[in-house]
Amino acid sequence: MLLNRNFSLPLSVGGVSMRRFILIFIICACVAKGVSAQVLSDYLSAAHGGNTTAQFNAAQCYRYGWGTAINPTEWLHFMRLAAEGGEPRAQHILAEHFRPFAPDIAAYWSGEGAPAADYHYHTYDDGCYYGEMLGGVRDGYGSFAWDSGVYYIGEWENGERYGIGATHFDNQILYGNLSNGQMEGYGAIVVTAEGCWLQGAEGSTRFVGYFEGGVPNGIGTLYNSLGEVTYYGNFKNGVPTDPYPTTERYSLYRWEVEELPNGDSWEGELFDGVRHGFGTYRWADGSWWRGYWYEGLREGEGLFVRSDGAMMRGTWENGELRIEN
């Protein structure tokens, strides 16, 4: 397309000269920014006094950067307070926010269906919990959503994360057995953002293997964002001890994401095109199972989460459930 060399800005807008129009626009923008900051201050004052409308408005300011910098921790904190106070707009926003990764909390705020039996909602200074409790303490199955954005779903004992579960951070998911809040034994890390997460393993985004003291120790496998094996070997204190990347070919092993025709999906390890290793299977209704597979069948321990958030830990043999907790 040829440009018109005679193109120029209009001399006036609505009878106002262009120069004056631009000046007015800049002044209004600056005033609006100052007013927004003052309004946020007023919102916060009322929000701390328990006003749910002010809590909702303060959350929106932190969410979109109105009169302040965007702050994910603050927007979740004030949105949660507003929702707990009965603000329907806040409840709807929280339900949509948690739906992709916390179906139980999403179902609680949306009111979709009956809550899971013996599940309770409890609020804390730094977040909220939805699940089983014993003597007023988190114990059994449940989910905790911190205002910082960290989310955990799995087993609890005496108020602490203990047993099988998944912890979601901003850029990664950790799955496996927890003891005193640290990963122990066989587990996996799935990175959900670009960049390296492991020293000495640039370009790798998936880890499946053994943990000790919360970091990879022992045998493990690394995959890149294309699903290719980048390393298979030993780790010590979270660092590969063999040459990285591996020089051997493991082309039959891959990490894949599959969308199935029936609306279900799968993400995890394949061997020669068959599910083999760690993976997550999601049903179209929102329920999911995360655990281990052997030659296409579920094998070993796994965590099943229904669409309403109810959980079950199971041990599988040849694709059949043998033990339920």
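Throughout, read-outs are computed from the coordinates displayed, never taken from laboratory work. This structure is a prediction, so every number in the text was calculated from the model and none was measured. With ideal geometry, Cβ positions are generated from the backbone for all residues, glycine too; neighbour counts draw on all protein chains shown.
3J(HN,Hα) along the range 125-130: 4, 10, x, 9, 10, 9 Hz, from the Karplus curve 6.51 cos²θ - 1.76 cosθ + 1.60 with θ = phi - 60°, whole Hz, x for Gly and Pro.
Under the convention that each Lys and Arg Cβ holds +1 and each Asp and Glu Cβ holds -1, the size of the dipole of the chain around its Cα centre is about 1700 debye. Determine the shape class of the range 254-325: with a ≥ b ≥ c the square roots of the Cα gyration tensor eigenvalues, call it rounded for a/c under 1.5, and otherwise prolate if a/b is greater than b/c, oblate otherwise. Oblate shape, in that a/c is at least 1.5 and b/c is the bigger or equal ratio.
Using 0.36 nm per residue of separation minus the Cα-Cα distance, give me the extension gain between residue 122 and residue 37 in nm, one decimal. Stretched fully, the residue 122-residue 37 segment lengthens by 27.4 nm.
About its Cα centre, the range 254-325 has a charge dipole of approximately 200 debye under the convention of +1 per Lys or Arg Cβ and -1 per Asp or Glu Cβ, with nothing else charged. Each Cα pair under 8 Å and six or more residues apart adds its sequence gap; the mean of these over the residue count of the range 254-325 is a relative contact order of 18 percent.
The Stokes-Einstein estimate for the chain, based on a Kirkwood radius over Cα pairs and taken at 20 °C with 1.002 mPa s viscosity, is a diffusion coefficient of 94 µm²/s. The alpha carbon centroids of the range 267-312 and the range 126-179 are separated by 19 Å.
Relative to the longest principal axis of the Cα atoms of the chain, the long axis of helix 18-48 makes an angle of roughly 60 degrees.
Modelled this way, with points 7 Å down the Cα-to-C-beta line, the labels at residue 158 and residue 272 are 4.8 nm from one another. The mean sequence separation of alpha-carbon pairs under 8 Å and at least six residues apart, normalised by the residue count of the chain, gives a relative contact order of 7 percent. Taking R0 as 25 Å, what's the FRET efficiency between residue 322 and residue 283 from their Cβ-Cβ distance, rounded to 0.05? For R0 = 25 Å, the calculated efficiency reads 0.75.
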